[in-house]
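The values are calculated or read from the model by the stated rules, or taken from the named source; none is laboratory data. Just so we're clear, the structure is a prediction, and the values are computed from it rather than from any experiment. Here the Cβ positions follow ideal geometry from the backbone for every residue, glycine too, while neighbour counts run over all protein chains shown.
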Amino acid sequence: MAVFKRVRIQAMISIACEDESVDYDDATVLRALVFHSVREDGEHIARIMDIVEVSTTIDEHLDEGDCLSYWMAKALVASNRSWLQLNRVRGISDKAADALAKFQGDDLSLDGLLTLSDQVARDLAKCHGSLSLNGLTVISDDAALALAGHTGDSLSLNGLTRLSDASATALAAYKGILSLDSLALLTNPTLAKKLVAAAIASQVEHQMQMREDEEGGIYPWPHFGEVSLPSVTELSPDAAHAIIEEIHAVSYEHPDLYVDAESIDGSLSLGGLRSLSAETARELSRHRGYLSLRGLEVLSVAAAESLATRGEYTLDLSGLSALPDDVVTAFTNYRGRFRLADSCRLSPYAQQRLEAWSWPTGMYSMKR
């Protein structure tokens, strides 16, 4: 059967070079091109691919688990497509990656790759345009260092939940837009600053677009700047410090970025945090705006005492199922507003204390 397929493909290549009007929309042939190293000129293979009209995506012609061959990679590059979506590809050889390194399009997506060798990482980093590798859940330090040298507009690694300090430092140096939407552990301050800078950059761009729309007679809803890191479940004090410092720096540089009169820094959402140390709380208390910690399941007295120094800004603790008396007492001098869930359990003492306090800006969800 393999010999038959090989002869058939070679025959089709010869025919394709002579007659481009013949319809060769045959997924079996395309799969054979993936699995077999057809030793013909890559441009001829590309002509076949053009004939079968797979200019938008090759995925529909691939089976789950396909391994991208060198000749298919060469053909894809030779076809001069603006973007390649190869998300069913589970494996790629060093030779095939070397062929893909010559891709000059705008977007290359290999979200099906579950592992990445250091050499493949070095080759893919040479691709122009955006590079998406969202299927990776682990990455070596050398591979991270190689990808950090990618010269394209963006690098998406949304499958990674944890990074070593070396990998985090390497990726923080990436010049384009870095996406790590599943990162759960954030301890590296340099990477934390990078992620916040990327989030704020999109806010600035959006704000500038709003101004252009207003000048053109279109008046959108007011935009409130927000930095959101929803996937982070563990945050170190150093990373929290870097986050606040970056937000403060942008607030100073763009004082009109946030239109909320009650906020200097806009809103910061860390809804994925399940617990909070007193040291991290102390760093976050420096945020001058809305702070969402709605993922917290427990709050210590020490952390509450740190958060109580925030000033007249809203604190979202709507994930707490109960607010113990000692935590309520720790907030005695807090001048801001709370947001608690209606189901949050409060003792009569806590209810009385909360209702007795009088904040200039009022409270959320305290009187039921």
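Structure notes:
- Restricting the stretch 232-284 to residues that are touching a Phe, Trp or Tyr at 6+ places or on another chain (Cβ under 8 Å) and either crowded, with 22+ Cβ neighbours inside 10 Å or of a type in the set (A, V, I, L, M) (or both), the residue that is modelled with the highest pLDDT: 268
- Of the listed requirements (1) surrounded by fewer than 19 Cβ atoms within 10 Å (Cβ to Cβ); (2) modelled with pLDDT under 95; (3) part of a helix (DSSP H, G or I); (4) not charged (D, E, K, R), residue 217 misses just one: (3).
- Annotation: of all residues in the stretch 68-123 being touching a Gly at 6+ places or on another chain (Cβ under 7 Å) and among the aromatic types (Phe, Trp, Tyr), the one that is modelled with the highest pLDDT is 83.
- All conditions but one from (1) modelled with pLDDT under 95; (2) under 22 Å from residue 226 (Cβ atoms) apply to residue 355; the one that does not is (2).
- Every residue from the stretch 297-326 that is out of contact with any Cys (no Cβ under 7 Å at 6 or more places or on another chain), surrounded by fewer than 21 Cβ atoms within 10 Å (Cβ to Cβ) and more than 16 Å from residue 267 (Cα to Cα): 297, 298, 300, 301, 302, 305, 308, 309, 319, 324, 325, 326
- Scanning the stretch 152-167 for residues that are in contact with a helix residue (DSSP H, G or I) (Cβ under 8 Å, 6 or more places away or on another chain), among the aliphatic types (A, V, I, L, M) and under 30 Å from residue 104 (Cβ atoms), we see that the one that is surrounded by the fewest Cβ atoms within 10 Å (Cβ to Cβ) is 155.
- Taken over the stretch 153-180, the criterion of being among the aliphatic types (A, V, I, L, M), assigned to a loop (DSSP other than H, G, I, E, B), over 10 Å from the mean Cα position of the chain (by Cα) and closer than 17 Å to residue 136 by Cβ is satisfied by 163 alone.
- For the stretch 296-329, the candidate set comprises residues that are of a type in the set (A, V, I, L, M), within 22 Å of residue 226 (Cβ to Cβ) and outside any loop (DSSP other than H, G, I, E, B); within that set, the residue that is modelled with the lowest pLDDT is 315.
- Boolean, residue 347 is modelled with pLDDT of 90 or more, surrounded by fewer than 20 Cβ atoms within 10 Å (Cβ to Cβ), hydroxyl-bearing (Ser, Thr, Tyr) and over 36 Å from the mean Cα position of the chain (by Cα): yes
- In the stretch 181-205, the qualifying residues are those that are assigned to a loop (DSSP other than H, G, I, E, B) and more than 13 Å from the chain's Cα centre (by Cα), and the one that is nearest to residue 151 (Cα to Cα) is 188.
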